[in-house]
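Undergrad: The structure is given below, and queries will be raised subsequently.
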Amino acid sequence: MPTNSEAQPTAIKNFLQSPLANNLALGAGMALVISLIVGAWLWGQKPDYRILLSNYSDRDGGSIIAALQQMNIPYQFAEGGGAILVPAERVHDARLKLAAQGLPKAGNVGFELMENQKLGVSQFLEQVNFQHALEGELARSINSIAVVQSSRVHLAIPKPTVFVREAQKPTASVLLNLHPGRTLDPQQVKAIVHLVSSSVPDLSSKNVTIVDDSGNLLSDQEDLGRNNRLDPNQLKYIQEIQEGIVRRVESILTPILGAENLRAEATVEVDFSHTEQAAEKYTPNTKPENTAKRSEHINESKSSDGSGDGKPEGVPGANSNQPGQQKDAKESSGNTSSQKENTINYELDKTVRYVQESMGTIKRLTVAVLINNKTEIGPDGKSTTKPLTEDEKTQITGLVKEAMGFNKDRGDSLNVTNTNFTVPTKEVIPEEPFWKPYANIETAKSAGQYLLSFIAMLYLFFKFLKPMLKKLTDPPLPSAAERYNKNETSNDDGNSNESARNNEPNLNDAIQLANTNPRVVANVVKNWVNE
């Protein structure tokens with residue numbers, strides 16, 4: 001009889017060699033193979049990663065990665081770490097969730113900084129926080145412009161004072177980082193200047209400085225444009241006038257000649273000078289009877305001689321009261337005199353003229369029209385080209401003059417030319433093969449990935465999974481007693497008894513061997529199973 005220590009390993013060996021252990025081993029192997037096949041399929045179905053965010057600061061990058069890890073969203077870094085990539089189907093979801101968390105902050109903190117004010121903060125710190133919040137809000141507003149990628153705003157707001165003479169005006173500086181290949185026109189620079197100046201009290205537009213990321217000063221382009229070149233609005237006005245003249249000429253000639261048989265160009269000289277004139281004009285003097293009187297003044301004075309009426313004459317005084325002096329005065333005033341003055345003021349003609357000429361006046365128009373020869377189809381069906389007749393050219397010239405607003409006194413010029421157009425030869429572009437758009441490295445990598453995953457799946461299936469399935473589905477091998485009984489029943493009745501008697505010693509020996517040395521019996525059975 002075997003001991004307990006020898007019986008336990010024997011039981012484990014018997015269990016491992018039993019059909020249940022074989023089935024468990026086959027199940028574990030099948031699970032492993034299926035997991036490998038699934039892994040190969042998932043590797044072949046690698047998700048397409050798209051850009052979630054780019055050009056972010058290091059602080060924002062760390063916050064974004066932490067948020068993605070909390071949301072269990074896989075991510076990758078682009079080459080150089082300039083962008084964060086996530087699966088294409090989760091790009092929009094991740095952006096909305098990050099925006100809900102206020103990411104990315106991009107270093108611009110707005111008025112939400114004022115929401116976290118602590119109790120007992122000083123007035124100076126409160127003013128600094130307000131200025132920092134205002135700078136962040138201005139930077140956010142400037143960043144919303146399509147050309148601007150990012151911006152920084154610096155405000156210099158002086159401390160208020162009660163002394164008017166010592167009061168200083170605030171100033172502002174704006175640093176712009178533009179998108180690659182884009183520029184700001186003077187109108188956009190002017191708009192940014194007014195945006196900043198209108199957001200800060202007492203900030204003049206002259207105290208706003210704008211610099212791009214290359215160090216170029218942009219805020220003085222307005223003065224340069226005013227002194228050295230035309231305003232963009234003036235150039236746009238000239239272009240609109242020229243295009244309008246061309247459209248009118250083409251629209252009136254297209255029904256006659258066809259859209260492909262004429263070309264027109266116009267040049268406009270515009271006077272943008274602003275003139276104001278004031279003048280006073282006086283007419284020459286006319287005859288008095290034809291002129292209206294303004295006023296008339298007549299002054300008359302008379303004096304006569306004395307006739308001895310006994311009254312003293314002369315200048316009153318002491319001398320005239322004396323008898324001798326009165327006689328002398330009478331003798332000296334013997335003649336009579338009279339005086340008359342007449343003053344007439346006539347109205348004067350005066351013309352006051354005030355002239356203000358508006359800017360944008362057209363000084364001269366120059367229009368050139370090129371007309372193709374007319375095409376005629378002969379009786380044989382062949383087309384021939386012939387130039388226009390003089391009457392047709394005269395008719396077209398008159399129509400063009402009316403359409404362009406021709407003014408001879410202004411010096412306008414019109415040139416209508418008839419010639420045969422040169423038809424360009426059409427280049428025959430060979431048809432591109434259907435596979436040409438897909439012949440690139442990315443397509444080859446994807447195809448190779450799918451092919452390798454398919455080959456790996458086939459190899460695992462035919463090498464491991466299929467044999468395991470076959471062992472599970474095949475019927476179990478019969479035992480030795482069953483095979484012996486089967487062989488006995490298959491013989492005839494005469495030989496069965498004799499075979500049983502002949503094999504009985506062998507069967508007894510096998511049973512005894514199995515009891516005394518089961519390892520040998522197990523090896524024999526194992527060989528049978530392998531066969």
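The values are calculated or read from the model by the stated rules, or taken from the named source; none is laboratory data. Note that the coordinates shown come from a computational prediction; the quantities given were computed from them, not determined experimentally. So basically every Cβ, Gly included, is an ideal-geometry build from the backbone, and we count neighbours across all protein chains shown. Quick note on the areas: whole protein, heavy atoms, side chains included, nothing else; ligands and nucleic acids left out. Shrake-Rupley method; radii C 1.70, N 1.55, O 1.52, S 1.80 Å.
Undergrad: State whether the residues of region 79-86 include one that is open to solvent by less than 50 Å² (accessible area, probe 1.4 Å), at pLDDT 80 or above and more than 28 Å from Gly181 (Cα to Cα). Talk me through it step by step, then tell me what you get.
TA: So the first thing to find is which residues in region 79-86 are open to solvent by less than 50 Å² (accessible area, probe 1.4 Å), and the list is 81-86.
Pick out the ones that are also at pLDDT 80 or above and you get 83-86.
Those still in the list that are more than 28 Å from Gly181 (Cα to Cα) too: none.
No, because not a single residue in region 79-86 is open to solvent by less than 50 Å² (accessible area, probe 1.4 Å), at pLDDT 80 or above and more than 28 Å from Gly181 (Cα to Cα).
Undergrad: Separate question: Looking at this structure, is His194 modelled with pLDDT of 85 or more and over 29 Å from Tyr56 (Cβ atoms)?
TA: Numbers: modelled with pLDDT of 85 or more: yes; over 29 Å from Tyr56 (Cβ atoms): yes.
Here the answer is yes, as His194 does meet what is asked.
Undergrad: Would you mind telling me which numbered condition in (1) among the β-branched types (Val, Ile, Thr); (2) at pLDDT below 70; (3) assigned to a loop (DSSP other than H, G, I, E, B) Ile73 fails?
TA: For Ile73, the failing item is (2).
Undergrad: Still on this model: Can you go through Asn508, Asn523, Asn515, Asn487 and tell me which one is at pLDDT below 70, of a type outside the set (D, E, K, R) and assigned to a helix (DSSP H, G or I)?
TA: Exactly one of Asn508, Asn523, Asn515, Asn487 is at pLDDT below 70, of a type outside the set (D, E, K, R) and assigned to a helix (DSSP H, G or I), namely Asn487.
Undergrad: Another question, if that's okay. Would you check if there is a residue in region 107-120 being more than 16 Å from Thr209 (Cβ to Cβ), at pLDDT 85 or above and over 21 Å from the mean Cα position of the chain (by Cα)?
TA: First, the residues of region 107-120 that are more than 16 Å from Thr209 (Cβ to Cβ): 107-120.
Checking which are at pLDDT 85 or above leaves us with none.
Checking region 107-120: not a single residue is more than 16 Å from Thr209 (Cβ to Cβ), at pLDDT 85 or above and over 21 Å from the mean Cα position of the chain (by Cα).
Undergrad: How many residues are of a type in the set (D, E, K, R) and closer than 30 Å to Glu260 by Cβ if we restrict to region 423-452?
TA: If we filter region 423-452 for residues that are of a type in the set (D, E, K, R), which is where we start, we get 426-427, 431-432, 436, 442, 445.
Going one step further and asking which of them are closer than 30 Å to Glu260 by Cβ, we end up with 426-427, 431-432.
Going through region 423-452 one residue at a time, the tally reaches 4.
Undergrad: A further question on this structure: Scan region 348-357 residue by residue and report those that are surrounded by fewer than 10 Cβ atoms within 10 Å (Cβ to Cβ) and more than 46 Å from the chain's Cα centre (by Cα). Please lay out each step first, then the result.
TA: Residues of region 348-357 surrounded by fewer than 10 Cβ atoms within 10 Å (Cβ to Cβ): 350-356.
Within region 348-357, Lys350, Thr351, Val352, Arg353, Tyr354, Val355 meet the criteria.
Undergrad: Name the single residue that is farthest from the chain's Cα centre (by Cα) among those in region 21-35 being under 16 Å from Lys463 (Cβ atoms) and modelled with pLDDT under 75.
TA: Within region 21-35, the match that is farthest from the chain's Cα centre (by Cα) is Leu26.
Undergrad: Would you be able to tell me the number of residues in region 434-482 that are polar (S, T, N, Q) and either within 30 Å of Asn530 (Cβ to Cβ) or modelled with pLDDT under 70 (or both)? Lay out the reasoning, then the answer.
TA: Applying the first criterion (polar (S, T, N, Q)) to region 434-482 yields 440, 443, 446, 449, 453, 473, 479.
Narrowing the set further to residues that are either within 30 Å of Asn530 (Cβ to Cβ) or modelled with pLDDT under 70 (or both) leaves 473, 479.
Looking only at that region, the number is 2.
Undergrad: Being part of a loop (DSSP other than H, G, I, E, B), modelled with pLDDT under 85, open to solvent by less than 70 Å² (accessible area, probe 1.4 Å) and hydrophobic (A, V, I, L, M, F, W, C), is that true of even one residue in region 312-329?
TA: Taking region 312-329 first, the residues part of a loop (DSSP other than H, G, I, E, B) are 312-322.
Within this subset, residues satisfying the condition of being modelled with pLDDT under 85 are 312-322.
Adding the requirement that they be open to solvent by less than 70 Å² (accessible area, probe 1.4 Å) leaves 313-314, 317, 320.
Add one more test, that the residue is hydrophobic (A, V, I, L, M, F, W, C), and what stays is none.
For region 312-329, residues part of a loop (DSSP other than H, G, I, E, B), modelled with pLDDT under 85, open to solvent by less than 70 Å² (accessible area, probe 1.4 Å) and hydrophobic (A, V, I, L, M, F, W, C): absent.
Undergrad: Might you let me know whether region 218-229 holds any residue that is surrounded by 10 or more Cβ atoms within 10 Å (Cβ to Cβ) and either modelled with pLDDT of 80 or more or touching a strand residue (DSSP E or B) at 6+ places or on another chain (Cβ under 8 Å) (or both)?
TA: yes
Undergrad: For region 172-186, name all the residues that are open to solvent by less than 50 Å² (accessible area, probe 1.4 Å) and under 19 Å from Arg140 (Cα atoms).
TA: Step one: filter region 172-186 for residues open to solvent by less than 50 Å² (accessible area, probe 1.4 Å), giving 172, 174, 176, 178, 184, 186.
Passing the criteria: Ala172, Val174, Leu176, Leu178, Leu184.
Undergrad: Within region 156-194, restricting attention to residues that are assigned to a loop (DSSP other than H, G, I, E, B) and under 16 Å from the mean Cα position of the chain (by Cα), which residue is farthest from Asn129 (Cα to Cα)?
TA: Of all residues in region 156-194, those assigned to a loop (DSSP other than H, G, I, E, B) come to 157-170, 179-185.
Now narrow it down to the ones that are under 16 Å from the mean Cα position of the chain (by Cα): 179-185.
Values: His179: 30, Pro180: 33, Gly181: 36, Arg182: 34, Thr183: 33, Leu184: 31, Asp185: 33 Å.
Top of the filtered list is Gly181.
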